[in-house]
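A quick write-up on the structure given underneath.
We did not get these values from a lab; they are worked out from the coordinates using the rules stated. These figures come from a predicted structure and were not determined experimentally. As a convention, Cβ positions derive from the backbone with ideal geometry for all residues, glycine included, and neighbour counts pool all protein chains shown.
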Amino acid sequence: MDIAKEVDARGLNCPLPILKAKKALSELHSGELLKVLCTDAGSVRDFQAFAKQTGNALVDQQAVGDEFVHVLRRR
C-alpha cells in the first residue's frame, strides 16, 4: 500500500484519533491513503462509523499487539 500520510494517535482516546484523522484527510488528495495508529480499542468501531458517515473508504483495519492500525482512502 502506498501510504501518503501517517498519524500517530497512540495514547489518545476517543474522539481525538478521529479528529486527527479528519484533519489529516483534509490535507490529502482524493484517492490517497491515510494510516492511523491507535491504542484505543474503541477506535475499531469509531473508524468504521467515521468511514460510513464521511464517505471515505476504510481500506484496512488490523490489531497488531496492543495497537490498532486503520487505513483510510480519501474520497
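Residue pairs whose Cβ atoms lie under 9 Å apart, separated by 6 or more positions or on different chains, with the first residue in the stretch 50-75 and within 17 Å of K23 (Cα to Cα) and touching a residue at least 24 places away in the same chain (Cβ under 8 Å) and the second in a loop (DSSP other than H, G, I, E, B) and of a type in the set (S, T, N, Q), are F50/N56; L72/N56; R73/S30; R73/N56; R74/S30; R74/N56; R75/S30; R75/N56. Condition check for F68 on (1) in a loop (DSSP other than H, G, I, E, B); (2) surrounded by 17 or more Cβ atoms within 10 Å (Cβ to Cβ): one failure, at (1). For the stretch 40-60, residues that are of a type outside the set (A, V, I, L, M), within 15 Å of E6 (Cβ to Cβ) and either out of contact with any helix residue (DSSP H, G or I) (no Cβ under 9 Å at 6 or more places or on another chain) or part of a strand (DSSP E or B) (or both) total 1. Among the residues making up the stretch 28-39, those that are in a strand (DSSP E or B) and among the hydrophobic types (A, V, I, L, M, F, W, C) are L33, L34, V36, L37, C38.
Looking across the stretch 13-32, the residues that are surrounded by 13 or more Cβ atoms within 10 Å (Cβ to Cβ) and either closer than 17 Å to V64 by Cβ or basic (K, R) (or both) come down to P17, K20, K22. Flag set for A63, criterion: exposed (fewer than 14 other Cβ atoms within 10 Å of the Cβ) and either hydroxyl-bearing (S, T, Y) or part of a strand (DSSP E or B) (or both).
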